[in-house]
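Notes follow once the structure below has been shown.
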Amino acid sequence: MTTMASLADVTPPIALGALDGRYRKAVAPLVDHLSEAALNRTRVHVEVEWLIHLTQHQVVPGVRRLTDDEVARLRAVVTDFGAEDIAELAEIERETVHDVKAVEYYLQRRVDRIAPGDAAQLKQLIHFCCTSEDINNLSYALMIQGAVREVWLPKARSVVDQLAEMARALRDVPLLAHTHGQPATPTTMGKEIAVMAHRLGRQLRRIEGQEFLGKLNGATGTYGAHLAAVPDADWAAISEAFVEGLGLTWNPLTTQIESHDWQAELYADTARFNRILHNVCTDFWTYISMGYYAQVRGQGTVGSSTMPHKVNPIRFENAEANLEVSCALLDVLGYTLVQSRLQRDLTDSSMQRNVGTAYGHSMLALDNVARGLAGLDAVPARMAADLDGNWEVLGEPVQSAMRALGAQGVAGMDNPYERLKELTRGRRIGQTELVEFVRGLGLPTEVEERLAAMTPQTYVGHASELVDRLG
């Protein structure tokens, strides 16, 4: 048996997953927010701000305020956090076998350099009265907030704007609608795309209003250690001010862990957005297969390895797959994170490390949808041809007009549905047959002329005007 070289030993390391390998470019902006390194940097940020908060408000009697220079140098530890810091933290964690404790020791080294005269005193306030979850819940809230607001939402808004622009451009292009896959009442392509943009936009507004909660209240959420250390301090007020100062919403009632309900809410809304976007992909895939769009720009030169004529709708198919992976992860995150055994267990710790992957697959899908839409040209002539081949769809307006006249007492309007059903069901009719039928109904002249002049292309109701409701 041939022995192969181990790819696990190749330098630089080969990515195990597609997001950090093949698709790295599309998801790279998330690394600043949802990677392991970003988690450690944000932990450092929370610990630094807690130290500053305690000293600036003189929560612990006898501890001096930090100078402006010391505050600036502490915050620079966060802003300058890079490869050397990542390596140093990893080295410390190998000794502590505890990630948050490693951050505490890492910051103690920095305080030794920044305030050497009072380092022994100030170091006592690093991680003061905190359980690891106090730091982690705030870190994750800040990381997810940043990832959603600064990376995912702008990309998602861009795709929705792209759809809205297409809807306006195709506002007046008639389209044979299909319900259950069968020819149905005509609409316009713009109106159908506007529905997609409207649905997605509504989910984005929900996500934009999402609260990001945090807590800092000790090992079982009681401020027990805080009161034992400094009994005269108003610890609930101190906690609230600190959490809100970080730009988060304070959660006043928790166990050892912040309950993660807000995360479940966010992931449900994001998954719903994903699923609507998946619907967008399947609809455009179908439109392409029907010839309503030509793929002509930015699609590359090879559609099939064996059939030269093909240009496959690969962007939409790729997006579908990544949206499904993202939704699966978001679903399990939302299901698992709201549960905890009594005060806490560690399932949430392992689970939250998948948040970046969940949003990464959604980001990759958004990138593919944007590229897929950019590579489409509408083919109005093909849409018109389908309309011309389905005059029977005008049975609906004719029988509806007959119903209205019958309700007004006009004679001869009996059984309109059944009469149109006999004319149209199971067979194709053209303009000649339809006009002949209309003129034989004995309709009032104005109604007869209006229906006789109607075509599948003009029977679109307020479809064009509805596009304008996108705003």
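Remarks
Residue-by-condition table, conditions (1) open to solvent by less than 90 Å² (accessible area, probe 1.4 Å); (2) in a helix (DSSP H, G or I):
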site: Met4; (1), (2): no, no
site: Ala15; (1), (2): yes, no
site: Gly21; (1), (2): yes, no
site: Ala26; (1), (2): yes, yes
site: Leu39; (1), (2): yes, yes
site: Val48; (1), (2): yes, yes
site: His53; (1), (2): yes, yes
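- Here is the figure for the stretch 59-81: residues that are free of Cβ contacts under 8 Å to residues at least 24 places away in the same chain and open to solvent by 20 Å² or more (accessible area, probe 1.4 Å) total 9.
- Flag for Ala404 being closer than 30 Å to Ser35 by Cβ and small (Gly, Ala, Ser): no
- Odd one out for Ala384 among (1) under 40 Å from the mean Cα position of the chain (by Cα); (2) modelled with pLDDT under 95: (2)
- Check on Gly209, more than 30 Å from Ala38 (Cα to Cα) and open to solvent by 10 Å² or more (accessible area, probe 1.4 Å): no
- Residue list for the stretch 436-471, restricted to those being surrounded by 17 or more Cβ atoms within 10 Å (Cβ to Cβ) and more than 44 Å from the chain's Cα centre (by Cα): Phe437, Val438, Leu441, Leu443, Val447, Glu448, Leu451
- Complete set of residues in the stretch 147-189 that are assigned to a helix (DSSP H, G or I) and either of a type in the set (Ser, Thr, Tyr) or modelled with pLDDT under 95 (or both): Ser158
- For the stretch 333-367, a residue qualifies if it is free of Cβ contacts under 8 Å to residues at least 24 places away in the same chain, in a loop (DSSP other than H, G, I, E, B) and polar (S, T, N, Q), and exactly one does: Gln339.
- Among residues of the stretch 424-471, those that are touching an Asp or Glu at 6+ places or on another chain (Cβ under 9 Å), outside any helix (DSSP H, G or I) and within 30 Å of Arg168 (Cα to Cα), counted: 5
The values are calculated or read from the model by the stated rules, or taken from the named source; none is laboratory data. All values derive from a computational prediction rather than experimental measurement. Cβ sites come from the backbone with ideal geometry, for glycine too, and all protein chains shown count toward neighbours. Just so you know, the surface numbers come from the protein's heavy atoms only, side chains and all, with ligands and any DNA or RNA stripped out. Shrake-Rupley method; radii C 1.70, N 1.55, O 1.52, S 1.80 Å.
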